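The values are calculated or read from the model by the stated rules, or taken from the named source; none is laboratory data. This one's a predicted model, so the numbers in the text were calculated from it and none came from an experiment. Every residue, glycine among them, receives a Cβ derived from its backbone with ideal geometry; neighbour counts consider all protein chains shown. These area figures cover heavy atoms from the full protein model, side chains too; ligands, DNA and RNA do not enter into them. Shrake-Rupley method; radii C 1.70, N 1.55, O 1.52, S 1.80 Å.
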Amino acid sequence: MTTRIERHRYDVVVIGAGGAGLRAAIEARSAGKKTAIISKSLFGKAHTVMAEGGAAAAMGNVNSRDNWMVHFRDTMRGGKFLNNFRMAELHAKEAPSRIWELETYGALFDRTKDGRISQRNFGGHEYPRLAHVGDRTGLEMIRTLQQRIVALQQEDFRESGDYDARIRVFSETTITELMLDGDRVAGAFGYYRESGELVLFEAPAVVLATGGVGKSYKVTSNSWEYTGDGHALALRAGATLINMEFLQFHPTGMVWPPSVKGILVTESVRGDGGVLKNSEGNRFMFGYVPDVFRKQYAETEEEADRWYTDPDNNRRPPELLPRDEVARAINTEVKEGRGTPAGGVYLDVSTRMPAETIRRRLPSMYHQFKELADVDITAQPMEVGPTCHYVMGGVEVDPDTTAALGGVRGLFAAGEVSGGMHGSNRLGGNSLSDLLVFGKRAGEHAAAYCDSVARPRVPTKDLELAVATALGPLERSGGDNPYHLQQELQVVMGDLVGIIRREAELSEALKRLHELRARVANVSASGGRRYNPGWHLALDLRNMLVVSECTALAALERAESRGGHTREDFPAMDPEWRRINLICALDGDEVRLTRKPLPRMRPELLALFERGEMSKYLTDEELAEFDALPEA
Amino acid sequence: MTTATRPGRAAITARTLRTDRWWFAPLVTFVGLGAWVTYATVRVFMHGNYWVEQYHYLTPFYSPCVTERCVEAAAHLGRFLPGWWIVPDAALTLPFLLLFRLTCYYYRKAYYRAFWLSPPACAVPDGHKRYTGETRFPLVFQNVHRYAFYAAAVISVINTYDAALAQATGLGLGNVILWVNVVALWAYTLSCHSCRHIAGGRLKHFSKHPVRYRFWTFVSKLNVRHMQLAWVTLGTLALTDAYIMALAAGWFSDLRIIN
Amino acid sequence: MGTKRNFRVWRGDAGGGELQDFQVEVNEGEVVLDIIHRLQATQTPDLACRWNCKAGKCGSCSMEINGMPRLGCMTRMSTFTADETVTITPLRTFPVIRDLVTDVSFNYRKARETPAFTPPADLAPGEYRMQQVDVERSQEFRKCIECYLCQNTCHVIRDHEENKPPFSGPRFFIRAAELDMHPLDTLEDRKEYAQASMGLGMCNITKCCTEVCPEHIKITDNAIIPMKERVVDRRYDPLVWLGRKIFRRDQLPSPGPDPLLGVLPPREPAEGEPDWQRRHHGAQGPAVGDDGHLPITELTFENQGAGSPFGDDVTLPLPAEDLNYHHPRDDPRR
Ligand SMILES: Cc1cc2nc3c(=O)[nH]c(=O)nc-3n(C[C@H](O)[C@H](O)[C@H](O)COP(=O)(O)OP(=O)(O)OC[C@H]3O[C@@H](n4cnc5c(N)ncnc54)[C@H](O)[C@@H]3O)c2cc1C
Ligand code: SF4
Ligand code: SF4
Ligand code: FES
Ligand code: FES
C-alpha cells in the first residue's frame, strides 16, 4: 500500500464539531477566514447532543435579581475557588449574549409567560438560570449551530456557487497529530474514518474542541468519542494541561443492564423519597454521615422518613448528603462486597410510594427505566453506582484569547477540552454556556492570529512520522487486541484512580499504566483501512493512556480532597493547596508535573464574597489581605 | 425489487427481511374496504327500501333523494333528476361523499397501501416501477380535499336534519341508530385534517387568536382518532342503512321505546 | 449467565456482501448494539457500525433489524424470542460504505438545500419574544435526532432511486414545517418551495416515516399534511387562482435570483444569441473525485515556488467554455 495524502489548505482548522467547535467555526468564518470543521462522528452527533438540563446564563428572565456577579459567585463556589477567576468572570458576563445569539440562529427555548426565555433551577445556582428546552437542551444547541453553519454555507453558495467555499465540514475524520513548524502550529494530520485515507490540513491556527476523556473509565456517561484526543494532541504539540485530577462523578448512574451502564439517574429520585440499600437490605447511608454534617442529618430511619412530610421539625435523610459523600459511600459498600451483582447498590422508590405517585412525580425516570432497561421502578429497585461524567481539567489556556499556554503558538482550545474555568467542580449547566462563550472567543482569536503570522510549513519528516504512527497498528501483527487493552485501561482507571483515591492505589495505577504503555505502542489491528473500528480504537488508545497518566500523576500529587478529587488519606480541603494548580507537560515520552500558583483574583471580584464564606477557603495570609480590602 | 441490483447499495437479495406479519394490516384493509364498497354499490343501485314511512327513517345513502323515483317525504330538495337506473337517488350528495372519502388523508394512506401496494407496508418494496406520487394528473387532484370537506360538512347537516325529522315520530331503536351515525359522522368530519388546518393550523401565532387556538386544540384531539373514526363511520353508515333497509323491506319491525 | 443466540449480520461493501451467521452470547437486559459491540470485541474486530450515545439521543446507530429500520441502541434483545435469529442489515436506501455503515451524505445535501431560518431584521438578540403556545409546534420537530430512519424507510426514494434528486424526504419536510410555523421566521415562500423544490407532492402520506421515528414525531399528521394544506391555500384554492387570473399576477415575470437560493431561473437564449445563463463550472474548485475528496498527491509533494495569484487550485488556461466571452464574429446580427 503506497502512502498517499490528501492535502487541504485552510486558515483556521477547528477540531471538534460539538458546541464549542461549531461556535468557534461560525466566528472564524464570520471573520472572513477559510474554515474547516473536523469531527470524528457525523455532523451534529457530537457529545453535546446528550446534554439535558440546560445552559446557564444570568439573563434574569425569571428572577430579575440575577446578574453576572451572582453567577460568577456561584461558579467560583461550585469550583471550590480553584477556578481561573478571569474565565469564570468572562463566562458569567458573556453567557447571556451568547444564548440570545442562538435565538437569532433559530433556537426555540422554552418560554416564560411574557415571551422571554424560560430559566430553570439547578443545583448550585442561586436563581433559576438554565435556559432549556425540555430535557434536550444540548440537542437544541447543536442543531441550532449546525443549521447556522448551513445558513452560512448557503450565503457562500449565493455568492460563489460553492457551498464549501469558506466553511467546510469534514465529518468522520479523526485527527491523530498536530503538525508544527518550529513552535508554531502548521496543521493537523489525520484520516477519514470512512475510507481510511490519510489527510493533511495545512493551517496557521488550530482550535481544539474535542471534549472530554470519560471513555478511560468503565462506567461513564460519555461516548466512544471521549478518548481525550484533544488533551493528548495539545500535550504532544507542547502545550500544557491543568487540573487533570478533577473528574466529576455522578453518584447515581445506572449500572444495570449493561447496555445502559453509566446513564444518569436524576438526583430528584432521592429527593422524592428514594432510599439506597445494599445487597443485605440495609439503608447503609446512616453509617456514612461525616461529623461535620451530623447535626443536619437524621440518625434513625423513622426520623428520616418523617422529613419528607415535615422537613421543618426533622433532619434530612442521609441519602441527601452531597454528591461526593454519597458516591463515596456507594463505592465503599461495593468494595466491601455488599454490592449488587452488577456492582452497584439498590435505589428503591417502589416500596416508598404508591405506583401512581411515582409515575406522576418521576415520569422521565419511569420511562427511562421502562424503555432502556425494562425495569418497572414502581415494582423493582433500580441498580445504581457512580458514573464518570465530566473532566474539569484540560488544556491550560489564556482566559481572554483561549490560546494554549506552554511552548506552542497558534493553538486554541475551548469547551470541555480546556481547563481552568470550572475549578475543581463544574456546576450543572455551566458547560453548555462555557462552550458558547469560549467557543466564540477561540474562533475570534484564532482568526486574528492568522492575520499576524506568515503561513507555516509542514515539515516532511514530521509528516512521515505521523503517517507511520497512524498506519502502525495495521502493519504490525501479533500485538494486543485494542478492545482488550481498552478494557484493561478502564479497569485500572476505574478501580485505582476512581472516585475515592488512595496513595498506594495511585502509585499502583501509575505502574500499571506504564506497563500498558509498552503494549499500547505495540497494539495491532486486523482488517483493512475502510471504516475499521478496531484500528480507530488502537489509535485512540495512546491518547487515553497519556491523559490517564496525567490524571493519575496529578491525583497522586494533590494531597487534599476538593471537588472532583477525593483522597481517602487526605479527606479535608487544604487552603494551601487552593493556591496551587498542577500542570502536566510532556517531556519526550514522559509526563512531567509542575506546580504553578493560581492567579490572584482582582480585588473588586474578591469583594463580591463574604468573609465568613471565604474563611473556609483562604489561608490566614490571604484572609488578612481580604480584610485589608477597601470597603466596596 | 431487491437492493441487490442497485449499484452502491447494500447487496441484500431478500425483498424484505421483516419477520412479523406485515401483510396482515393491508389485507384487513383490503377486505374491509372491498366489502364495504361492494355493499354500498349494491345498495345505491337497488333504488328501494330506503324509507320507513311509519317512523320517517331515511337512510343516509339516499339523502336527500332527488330523482323522480323518490318518495315525496324523502326529497328535501325536490325531485329534479330523471329516474334512470344509472342515476343514484342521492346524486347530489353521493359524489361529494365519495370524493371526500377518496381524498381523505387517511383513506389515501389505506388504499395506497392495501390496493396500490405503494408501499404495502413499511420497508416492504413498492409494487411499481415508476413513482411520481401526487405530483401529476390524476393524483394531483387529491389536493381538492379541502373542498370536499366543505361539501361533507353541509351533507352532515342534512343527515342531522334527517335524524331530527325521524325524531318527531317518537323514539325507537332506529332513532338511536340514526343519531349514533350522525354523531360519528360529525366526529369524523370535524377530525378531518383540512378542518384542523382551517380551524387554526394555518395560523402562525396561536397566541393572537385564542378562540381559534382552542378550536384547533379540540380538532387536534379528534384528529388523532381520525383513522378509528373513518372505520367507525363506515360501520355506522352500513349498519344504519342495513337496519332501515330491513325495516323498509319488512324483515322485522322497529324496536320502539316511546310510541 | 448469558445464552448463545443466533444472529445474521450483513457484511460487505459497495462491491458486494452477504449475510453472515454468528453465535453471540446475550445477557439479560442487553440491546442489539451491545451484541454488535460484543461481536467487535470477540469475533470481528473490524465490523463497522456507527454509534455514539447509546441512549437514543444522537441518532447514529440506525440499522435495519429483522427488516425494520430501527436504532440499535433502543432495540432490546428481550423483544425477540430466545430461538429467533436476529437479522441485522445496513440501511438499504443509502449507498453502503462497509458492513452496517452507510453513506448518509444525501441527507446533508438536502439539508443544505433547505432554506435556513431567516430572522426578522428589526430585532436585536435578546429582544425576541415568543409565546410558548406559538413555539410548541416547531419544538416537536426540533426533537429530531437526525437518525434518518424516516428517510430510509420512505418508499419514494427507497424503492425509486431516480426520485432522489427531486425529493428531500420527511426529515426535511418537518424542517420546512418547523420554520413555516416558527413565530419569527420571515421567509414567506416556504410552502411554495416545499412543493416546487422539495418534492412535497411526491409523498403519498403512507405514514411509514411516522411509524419508524424513534422520537415519535408525528411527521405526517403534524408536518406533512399541514404543509400540504398550506400549499393548497396558495396553489389550489380556486379563489386565489381566480384572483391571479383576473389580476394577471402570474404573468408578471419574476426576474432576478430565486429569493430562496439565489439561482437564476433558466431562460432559453434567442436564436444565435449566446447563452449567458448557461451553467458553467463556476469557480474552479479543486478537482474533487467521485468520492468528493481531493485527488491524492504523493507524500513528498510540496508546493513549488510562490503561490499563484489566481489561487493554488486554478489551472491555466481556464476551459474556454467557462469564459463569458462572445466573439463578435459569431454574432448573426453583425
Ligand atoms: C449525559 C450528559 C449530560 C450532560 N448534561 C449537561 C447539562 O445539562 N448542562 C451542561 O452544561 N452540560 C452538560 N453535560 C456536559 C456537556 O454536554 C459537555 O461538556 C459538552 O457538550 C462538551 O462539548 P464540546 O464542544 O467541548 O465537545 P463535544 O460536544 O463532545 O464535541 C467533541 C467533538 O470533537 C470531535 N473530536 C474528538 N476527538 C477528535 C479527533 N481526534 N479528531 C477529530 N475530531 C475529534 C468529536 O467528534 C466531536 O465532534 C452533559 C454531559 C453528559 C455526558
Ligand atoms: S408519509 Fe410521505 S414522506 Fe413519510 S414515508 Fe410515506 S411517502 Fe415518505
Ligand atoms: S424525524 Fe424522526 S425518524 Fe426522521 S430523522 Fe428525525 S428522529 Fe429520525
Ligand atoms: S376526511 Fe380524512 S383527512 Fe379530511
Ligand atoms: S447510539 Fe445514539 S441513538 Fe443509538
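Computed quantities for the displayed model
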| item | result |
| --- | --- |
| Per DSSP, loop GluC sites (Glu not before Pro) in segment A:304-371 with at most 16 further Cβ within 10 Å | A:E336 |
| Value of Rg/Rh across segment A:465-597 [Cα atoms, Kirkwood radius] | 1.06 |
| Among A:S364, A:F286, A:T340 the positive-end extreme of the charge dipole of segment A:255-388 (Cβ point charges) | A:S364 |
| For C:V96, residues with placed amide H under 5 Å, excluding near neighbours | B:R9, B:A10, C:D103 |
| Rounded FRET efficiency, nearest 0.05, which uses the C-beta distance separating B:R21 from C:N27 and R0 of 30 Å | 0.55 |
| Under the Karplus curve 6.51 cos²θ - 1.76 cosθ + 1.60, θ = phi - 60°, whole-Hz ³J(HN,Hα) for segment A:213-221, x wherever Gly or Pro sits | 10, x, 6, 6, 10, 5, 10, 8, 8 |
| Tilt relative to chain B, helix B:226-249 - C-alpha long axis, 0 to 90 degrees, to 10 | 30 |
| For C:36-48, mean number of other protein chain Cβ atoms within 10 Å | 5 |
| With Cα atoms, 0 to 90° folded angle of helix B:210-223 axis to chain B main axis | 80 |
| Largest to smallest accessible area among A:D305, A:D74 [probe 1.4 Å] | A:D305, A:D74 |
| Cα shape, segment B:1-118, gyration tensor, a/c 1.5 rule | prolate |
| Gyration tensor verdict on segment C:1-65 (Cα atoms; rounded if a/c is under 1.5, prolate if a/b is larger than b/c, oblate otherwise) | oblate |
| Three-way shape call for segment C:105-239 based on the alpha-carbon gyration tensor, with the a/c threshold at 1.5 | prolate |
| Segment C:105-239: relative contact order in percent, alpha carbon pairs under 8 Å with at least 6 residues between | 29 |
| Using distinct alpha-carbon pairs, which all enter the 1/r mean, Kirkwood radius of chain A in Å | 25.2 |
| Given charges at beta-carbon only (K, R positive; D, E negative), |dipole| of segment A:465-597 in Debye | 400 |
| In Hz, Karplus ³J(HN,Hα) per residue of segment A:462-475 (6.51, -1.76, 1.60; θ = phi - 60°; x = Gly, Pro) | 5, 5, 4, 5, 4, 4, 4, 5, 5, 8, x, x, 6, 8 |
| Where no second cysteine Cβ lies under 4.7 Å, the cysteines concerned in chain A | A:C388, A:C450 |
| Cα→Cβ-extended label distance, 7 Å offset, between A:R611 and B:M46, nm | 10.0 |
| C:T186 versus A:E302: modelled label distance in nm, points set 7 Å from Cα along the beta carbon direction | 7.0 |
| Segment A:255-388, relative contact order [Cα under 8 Å, separation at least 6], % | 32 |
| Geometric extent, Cα atoms of the protein assembly as shown - Rg, Dmax (angstrom) | 34.0, 110 |
| 20 Å Cα-Cα threshold exceeded, pairs from A:K80/A:K440; A:K370/C:K54; A:K261/A:K370; A:K511/A:K596; A:K45/C:K110; C:K143/C:K207 | A:K80/A:K440; A:K511/A:K596 |
| Value of relative contact order over segment A:142-271, rounded to a whole percent, pairs C-alpha under 8 Å and six or more apart | 13 |
| Charge-dipole axis of chain A as Lys and Arg at +1 and Asp and Glu at -1 on Cβ define it, positive-most pick from A:H250, A:V275, A:G106 | A:G106 |
| Free-standing Cys, chain B [no other Cys Cβ under 4.7 Å] | B:C104 |
| Placed amide H near A:A205: partners under 5 Å, 5+ positions off or other chain | A:V13 |
| Segment C:219-224 - phi-based ³J(HN,Hα) in whole Hz, Karplus 6.51/-1.76/1.60, Gly and Pro as x | 4, 6, 5, 9, 10, 5 |
| Alpha-carbon centroid distance for the pair segment A:408-442 / segment B:56-111, whole angstrom | 71 |
| Residue-averaged 222 nm ellipticity for the protein assembly as shown, from DSSP H runs of 4+ at -39500 (n - 2.57), nearest 500 | -11000 deg cm²/dmol |
| Among C:P90, C:F80, C:Q20 - extreme Cα towards positive end, dipole of segment C:3-102, charges at beta-carbon | C:P90 |
| Inter-label distance for C:T81 and B:V31, nm, one decimal - labels placed 7 Å from Cα along Cα-to-Cβ | 2.2 |
| Only Lys, Arg (+1) and Asp, Glu (-1) charged, at Cβ; the protein assembly as shown dipole about Cα centre in debye | 3140 |
| Cleavage-rule hits (trypsin sites (Lys or Arg not before Pro)) in segment A:87-129: DSSP loop, at most 11 neighbouring Cβ within 10 angstrom | A:K113 |
| Only Lys, Arg (+1) and Asp, Glu (-1) charged, at Cβ; segment C:3-102 dipole about Cα centre in debye | 320 |
| Loop GluC sites (Glu not before Pro), segment C:95-182, which have at most 15 other Cβ atoms in a 10 Å radius of their Cβ (DSSP) | C:E127 |
